[in-house]
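S.K.: Before I ask anything, here is the structure I am working with.
The values are calculated or read from the model by the stated rules, or taken from the named source; none is laboratory data. Source: prediction; values computed, not measured. Please note: Cβ atoms are built from the backbone with ideal geometry, for glycine as well, and neighbour counts cover all protein chains shown. We work out accessible area using only protein heavy atoms, side chains counted, and drop any ligands, DNA or RNA first. Shrake-Rupley method; radii C 1.70, N 1.55, O 1.52, S 1.80 Å.
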Amino acid sequence: MDDLGFGFVVRMQEKLVFEELEKLPVSHEEKSRGVTQHVRISLGRRALVDRGWRVVRLVPPGRSEPILLLTNLKPHDLGAWEICEIYRQRWSIELFFRWLKCTLPCRHWLAESQQGVTVQVYCSLIAALLLSARSGKLPTKRQMEAIRYRMLGWIDDEELSAVLGPAKKQN
C-alpha cells in the first residue's frame, strides 16, 4: 500500500520488531490521553529501508495493555493523537460499509461500466439520505427495496408510504 501511495493505520502486536530511528514529540495533551510513545521507525530485524513509518503506543485510560499503531502518514500531516482517533473511528467506518452493502441493490448492476455503477451507487446513497432525513434514522433494506419496486411500477404510492412509515415531525 505504501508503494502505491496509500496511507494506512494498522494495529500491530506488541512483539513488533523495529529499529527506532527518531523520537517524535508527544504533547502534554497527548500524554494525558494515553499516548506513551511516538517514534519514527524502520521495520524488521535487518531494518534496511527507512520508509518514514511511525509507531504510536497508546494505553487507553482504564486499560492496562497498550495498543501499538503503525502508520505511514507523515508527522506534519497528522499527530500521534490523530492517528489514535483514526484507529478509534475504524468501527464506525466498518459499520457504514456494512450498512451500505446490506441496503444497496448490488446483487444486480444496471450498468456494466464504471460510470454506470458509480451512478447507481450515488442514486442509492441519495435515496438513503432522503429517507434518513424523512424518518430521522437509517433506512432499512426493505425500505430501499420498496423504492425500487415503486420505480419499477410494482407497487403504488400508498404501498410505498406504508413501508416507509410516518415522516418525523418538523419543529
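S.K.: Contour minus end-to-end for residue 37 and residue 169, with contour as 0.36 nm per residue of separation and end-to-end as the Cα-Cα distance? Don't skip to the end; give the middle numbers.
M.R.: Working: separation 132, 0.36 × 132 = 47.52 nm, distance 4.96 nm.
That pair, residue 37 and residue 169, stretches by 42.6 nm at full extension.
S.K.: Now a separate question. Taking all protein chains as present, what is the carbon and sulfur share of the accessible area of region 1-146, in % to the nearest whole number, probe 1.4 Å?
M.R.: Reported share for carbon and sulfur atoms: 58 percent.
S.K.: Could you tell me the calculated FRET efficiency between residue 64 and residue 4, based on Cβ-Cβ distance and R0 = 30 angstrom, to the nearest 0.05?
M.R.: E between residue 64 and residue 4, to the nearest 0.05, is 0.20.
S.K.: Something else now. Mind sorting out which of (i) 66, 42, 27; (ii) 67, 31, 24; (iii) 44, 35, 33 is the real Cα extents along the principal axes in Å computed from the coordinates?
M.R.: Given (i) 66, 42, 27; (ii) 67, 31, 24; (iii) 44, 35, 33, the calculated one carries the label (i).
S.K.: Hey, can you find the accessible area per residue of region 53-154 for me, probe 1.4 Å, expressed in square angstrom?
M.R.: 66 Å²
S.K.: How many lysine pairs are close in the chain, with Cα atoms under 23 Å apart and the two 8 or more places apart or on different chains?
M.R.: 11
S.K.: I've got another one for you. Keeping all protein chains in place and using 1.4 angstrom, which order do 74, 15 fall into by accessible surface area, from largest down?
M.R.: Largest accessible area first, the residues go 15, 74.
S.K.: Angle between the Cα long axis of helix 90-103 and the longest principal axis of the chain, 0 to 90 degrees, nearest 10?
M.R.: Result, in degrees: 20.
S.K.: With r as the distance between the Cβ atoms of residue 149 and residue 89 and R0 = 45 Å, compute the FRET efficiency 1/(1 + (r/R0)^6) and round to 0.05.
M.R.: 0.80
S.K.: Computed FRET efficiency, Cβ-Cβ of residue 142 and residue 99, R0 22 Å: what is it to the nearest 0.05?
M.R.: It comes out at approximately 0.95.
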